[in-house]
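K.L.:
Got a structure here, written out as structure tokens. Questions coming.
The values are calculated or read from the model by the stated rules, or taken from the named source; none is laboratory data. It should be emphasised that the depicted structure is a prediction, and the values quoted were computed from it without experimental measurement. Methodologically, a virtual Cβ is constructed for each residue, glycine included, from the backbone with ideal geometry; neighbour enumeration extends over all protein chains shown. Please note that ligands, DNA and RNA were not included when accessible areas were found on the heavy atoms of the full protein model with its side chains. Shrake-Rupley method; radii C 1.70, N 1.55, O 1.52, S 1.80 Å.
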Amino acid sequence: MGSLFAHLARRAPANARREVETYTREIPELRFLDRAPRARARTLEHAMWLRRRTIELSPYNEELNEDDLSRIASMGELRASAGMSLDAQQRVLHVHTALMLREITEATEAESGGDVDELIRMMAWFAPQSERGIDAYRQGFLRVLRRQHSYTEQVALLTRSLLNGDPTSAELAAAVGMELPERCAVTVFRLPERPTAGHFLESEIGVLVKSHRVPVMWGPEGGDGSGELIALFPLFSGAAAAENAPLHPVPGLLPDAAPDHLPDLAQDFARALGRPCAVGTATAPLPELSGALDRARRISRAAPLHRAPSRLRPHTLADVFVELAVADVPFVDDWIRTVARRLETGPDLLGTLDAYYRHDMHRGATASALNVHTRTLDYRLRRVRELTGIDPGSTRGVRTLSAVVTRRVSGAWR
């Protein structure tokens with residue numbers, strides 16, 4: 001055995017202890033190891049065993065055998081059975097891999113550079129065998145998750161793993177019979193009052209998840225009792241996507257466009273929720289879903305609250321970019337709110353303006369939607385002009401009053 005491998009053998013006990021100490025310091029879910037001697041001893045034993053097998057196999061470029069992989073998988077099963085989350089599991093793998101690489105570097109430096117051939121042999125072994133070991137660990141972890149969790153709970157785990165960029169998402173998707181697309185429309189359904197999450201995911205929403213193969217999860221509950229359902233509507237590449245693409249797109253300048261099938265899917269989910277909601281959506285490739293979630297969440301908070309199916313639709317950045325800008329400038333938002341207060345004297349002026357702009361200022365369609373005569377509609381529009389000094393049909397009116405209506409209907413001024 002060369003000097004590099006001998007040094008790693010001498011340092012194995014200390015390095016294994018350092019790994020356990022790093023877990024307890026950096027991973028909140030493993031801090032219990034400081035208070036659980038048996039669990040700590042087992043974790044330390046596993047860390048020592050991995051290093052011992054590395055030193056035994058790497059000089060001769062021998063692979064981890066089936067018994068080795070089964071033992072690694074059993075550690076994944078043990079941690080999943082103890083309730084470790086997917087996020088913590090991914091962090092464990094990251095810490096372990098980083099420390100092993102650090103130990104190789106330290107050994108090389110301690111041996112004054114060591115034998116280059118030894119270092120090359122070690123790294124040539126480490127990369128493929130680490131990948132096999134990590135795969136075995138994940139397989140063991142996921143086997144327990146599949147036994148412990150219902151179908152919809154597994155779907156929620158898949159959704160969270162996709163949003164976090166967790167590599168286990170491929171295995172989770174296979175477990176629930178879903179195909180991972182190249183892109184997703186991250187869609188947030190914002191609800192003023194969050195329903196009982198378990199009931200909805202196991203019943204109404206659960207049925208849609210199974211039929212449409214859509215990953216969904218509940219987002220964090222708001223301090224005001226509000227909630228959000230997050231859905232990752234798949235966007236597969238192909239001719240259909242190409243047909244809907246702009247003829248001359250300008251990279252970086254065009255906001256997200258809602259795919260043609262998205263409104264129907266959103267209607268189905270909103271109808272199952274059975275309560276008013278606002279829907280925001282943003283598209284992105286799988287590695288960028290986290291950023292798309294942030295955009296979709298902000299859009300949903302600016303979008304109007306409506307009950308399905310009559311008015312609800314998924315809003316994109318192009319629909320509410322004015323309201324998003326207004327929300328970020330308090331003195332502008334205060335001015336917009338002052339205009340809204342002037343319209344509260346009625347009769348139903350804000351509702352009238354909402355219908356007026358939703359029907360592209362077409363008087364006949366607006367009057368029909370409101371179930372009033374066109375003369376009544378004209379009277380209300382004149383009343384808006386009298387109260388605000390702004391003509392609803394003018395350029396200024398569209399810019400100002402449409403923002404007033406959307407901010408009010410979104411529930412932003414509760």
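K.L.:
With springs only between Cα atoms under 10 Å apart, run a GNM on the chain and tell me which of LEU162, LEU78, LEU305 wobbles the most.
P.N.:
LEU78
K.L.:
I would also like to ask the following. State, to one decimal in nm, how far the label point of ARG42 lies from the label point of TRP335, with both points 7 Å from Cα in the Cβ direction.
P.N.:
6.5 nm
K.L.:
At what distance in angstrom do the alpha carbon centres of region 165-182 and region 339-414 lie from each other?
P.N.:
46 Å
K.L.:
Next question, about the same structure. Quick one: if you stick a label point 7 Å off each Cα along the C-beta vector at ARG132 and ASP360, how many nm between them?
P.N.:
6.4 nm
K.L.:
Rounded to the nearest 500 deg cm²/dmol, what is the calculated helix-only ellipticity per residue at 222 nm for the chain, with -39500 (n - 2.57) per DSSP H run of length n ≥ 4?
P.N.:
So the calculated ellipticity at 222 nm is -20500 deg cm²/dmol.
K.L.:
Of PRO330, PRO285, PRO234, which is the most mobile in a GNM of the chain whose springs link Cα atoms less than 10 angstrom apart?
P.N.:
Of PRO330, PRO285, PRO234, the Gaussian network model singles out PRO330 as fluctuating most.
K.L.:
How many nm is it between the label spots at THR97 and ASP328, if each spot is 7 Å from the Cα in line with the beta carbon?
P.N.:
3.4 nm
K.L.:
Something else: Under 1.5 on a/c is rounded, so check that first for region 301-414, then, if it is not, pick prolate when a/b is larger than b/c and oblate when it is not; a ≥ b ≥ c are the square roots of the alpha carbon gyration tensor eigenvalues.
P.N.:
Oblate.
K.L.:
Measure off, as a whole percent, the carbon and sulfur share of the 1.4 Å-probe accessible area of the chain, all protein chains present.
P.N.:
Carbon-and-sulfur percentage of accessible area, whole number: 52.
K.L.:
At a probe size of 1.4 Å, how large is the accessible area of PHE321, to the nearest 10 Å²?
P.N.:
Using a 1.4 Å probe on the heavy atoms, I get roughly 130 Å².
K.L.:
Let's test the formula: R0 of 22 Å, r as the Cβ-Cβ distance of ALA9 and GLN139. What FRET efficiency results, to the nearest 0.05?
P.N.:
According to the calculation, E is roughly 0.15.
K.L.:
Could you point to the label whose value was computed as log10 I(q)/I(0) by the Debye sum over Cα atoms at q = 0.07, 0.08, 0.14 Å⁻¹ for the structure here, given (i) -0.50, -0.61, -1.20; (ii) -0.28, -0.37, -1.16; (iii) -0.33, -0.43, -1.32?
P.N.:
(i)
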